[in-house]
Amino acid sequence: AMLAAYENYDLLIGSREHLFKDMIPRRRRANEFAARAVSLFSGVELKDTQSGFRVYSCRMLREIRIRAEGYDAESEIIVKAGRNGFSIGTCPISLGYVDGAPTSHYRPFVDTTKIVVAVVRSFIFSA
């Protein structure tokens with residue numbers, strides 16, 4: 001489904017928004033907060049910005065520079081893509097699990113801090 005929808009976008013994100021209601025509250029709130037912040041800084045309304053399911057166009061990747069690594073790179077890419085006029089879309093995805101806590105390598109304080117820094121830096125230096 002993502003590959004079929006991809007041809008219309010420079011960045012396509014596999015959205016889990018329809019699954020948020022089944023997530024534990026802290027994970028749901030973290031995803032919703034991140035989506036609001038990244039949407040604000042990118043100028044593109046998105047409901048799920050932390051999904052790792054993505055398809056990128058070669059053109060977009062050649063034109064934007066990414067400084068971050070890890071989870072923060074995903075947010076940096078969205079902000080820079082949005083601020084530079086690249087098309088961004090979403091496609092609902094299904095998962096075999098919803099919560100993700102047992103399989104996640106996300107470190108709440110460290111990774112959230114890195115994401116915030118990457119988003120703000122990307123907003124200021126959007127090229």
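Here the chain has 58 percent of its accessible surface on carbon and sulfur atoms, given a 1.4 Å probe and all protein chains in place. Note that segment 8-14 has calculated 3J(HN,Hα) couplings of 9, 9, 7, 9, 10, 10, x Hz, one per residue in order, obtained from phi through the Karplus relation 6.51 cos²θ - 1.76 cosθ + 1.60 (θ = phi - 60°); glycine and proline are x. Once each part is reduced to its C-alpha centroid, what is the distance from segment 41-75 to segment 19-33 in angstrom? Centre-to-centre (Cα) distance: 20 Å.
Per-residue ellipticity at 222 nm computed for the chain from its helices equals -14500 deg cm²/dmol, with DSSP H segments shorter than 4 residues left out and the rest contributing -39,500 (n - 2.57). A simple charge model with +1 on the Cβ of Lys and Arg, -1 on the Cβ of Asp and Glu and nothing else charged puts the dipole of segment 1-86 at about 220 debye relative to its Cα centre. Summarising the label geometry, the points placed 7 Å from Cα in the beta-carbon direction at Arg62 and Asn84 lie 1.2 nm from one another.
Full extension of the chain between Arg28 and Ile124 gives 31.8 nm of extra length, using 0.36 nm per residue less the Cα-Cα distance. Probing with 1.4 Å while keeping every protein chain in the model, the per residue accessible area of the chain equals 58 Å².
Taking amide H as placed 1.01 Å from N in the peptide plane, the amide H of Arg54 sits under 5 Å from that of Gly14, each at least 5 places away or on another chain. Computed extension gain for Ser94 through Ala1, at 0.36 nm per residue and net of the alpha carbon distance, reaches 32.4 nm.
Applied to segment 79-89, the Karplus parametrisation 6.51 cos²θ - 1.76 cosθ + 1.60 on θ = phi - 60° returns per-residue 3J(HN,Hα) values of 4, 5, 5, x, 5, 9, x, 6, 7, 10, x Hz, with x for Gly and Pro. Between amide H atoms placed 1.01 Å from N, distances below 5 Å from Thr90 occur with Ile13, all of them 5 or more places distant or on a separate chain. The P(r) of the chain has a tail past 26 Å containing 16 percent of all C-alpha pairs.
3J(HN,Hα) couplings calculated from phi for segment 109-115 with the Karplus curve 6.51 cos²θ - 1.76 cosθ + 1.60 (θ = phi - 60°) are, in sequence order, 6, 4, 5, 5, 4, 5, 5 Hz; Gly and Pro show x. The residue list Ile115, Ala35, Phe86 was ranked by how far each Cα lies along the charge dipole of the chain toward its positive end, using unit charges on Cβ atoms, and Ile115 comes out on top.
The values are calculated or read from the model by the stated rules, or taken from the named source; none is laboratory data. Note that the structure is predicted; figures quoted are calculated from it, not measured. For neighbour counting, all protein chains shown are included, and Cβ atoms are generated from backbone atoms with ideal geometry for every residue, glycine included. These area figures cover heavy atoms from the full protein model, side chains too; ligands, DNA and RNA do not enter into them. Shrake-Rupley method; radii C 1.70, N 1.55, O 1.52, S 1.80 Å.
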